[in-house]
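Peer 1: Quick one: structure below, then a few questions.
The values are calculated or read from the model by the stated rules, or taken from the named source; none is laboratory data. What you see is a predicted model; the values in this text were computed from it and never measured. Ideal geometry is used to build each Cβ from the backbone, glycine not excepted, and the neighbour counts take in all protein chains shown. The accessibility values were calculated without ligands, DNA or RNA, using every heavy atom of the protein model including side chains. Shrake-Rupley method; radii C 1.70, N 1.55, O 1.52, S 1.80 Å.
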Amino acid sequence: MHLAETLALGLNGPAPADHPEKLAPRPSVRDTRLTAAAALATALAAATAGTHAVIRRLRL
């Protein structure tokens, strides 16, 4: 369980004695994969831009 999920449970009132982590809404697998794909695309774009900038400086 993530720290933010634990803190959110505390804000909603007292937690039950048995398995309070089951009350926290969890993202679906599809949402997780979409987020990972977006992060990978962003990292790839940043690496490409950085490489392009280095190559331009070396040519000048």
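Peer 1: Please give the calculated 222 nm ellipticity per residue for the chain, where each DSSP H segment of at least 4 residues contributes -39500 (n - 2.57) and the sum is spread over every residue; nearest 500 deg cm²/dmol?
Peer 2: Calculated mean residue ellipticity at 222 nm is -23000 deg cm²/dmol.
Peer 1: Something else now. For segment 35-44, what does the Karplus curve 6.51 cos²θ - 1.76 cosθ + 1.60, with θ = phi - 60°, yield as ³J(HN,Hα) per residue in whole Hz, taken in order and with x for Gly and Pro?
Peer 2: Along segment 35-44, the couplings run 5, 5, 5, 5, 5, 5, 5, 5, 5, 5 Hz.
Peer 1: Now for a separate question. Please report, in debye to the nearest 20, how large the charge dipole of the chain is about its Cα centre when each Lys and Arg carries +1 at its beta carbon and each Asp and Glu carries -1 there.
Peer 2: I would put it at about 620 debye.
Peer 1: Oh, and also: Which residue fluctuates most in the GNM of the chain (Cα springs below 10 Å): L23, L44, L11?
Peer 2: Top of the fluctuation ranking is L11.
Peer 1: With the full set of protein chains in place, find how many percent of the accessible area of the chain is carbon and sulfur; take the probe as 1.4 Å.
Peer 2: The value for the chain is 66 percent carbon and sulfur by accessible area.
Peer 1: Just one of (i) 3, 15, 14, 12, 10, 9, 9, 7, 7, 5, 4, 2, 1, 0; (ii) 3, 13, 12, 14, 19, 13, 9, 8, 7, 2; (iii) 4, 18, 29, 28, 16, 5, 0 is P(r) over Cα pairs in 5 Å bins from 0, in percent calculated from these coordinates, so which is it?
Peer 2: Here P(r) over Cα pairs in 5 Å bins from 0, in percent agrees with entry (i).
Peer 1: Ok, one more. Accessible area per residue, 1.4 Å probe, Å², for the chain: what's the number?
Peer 2: Per-residue accessible area for the chain comes out at 92 Å².
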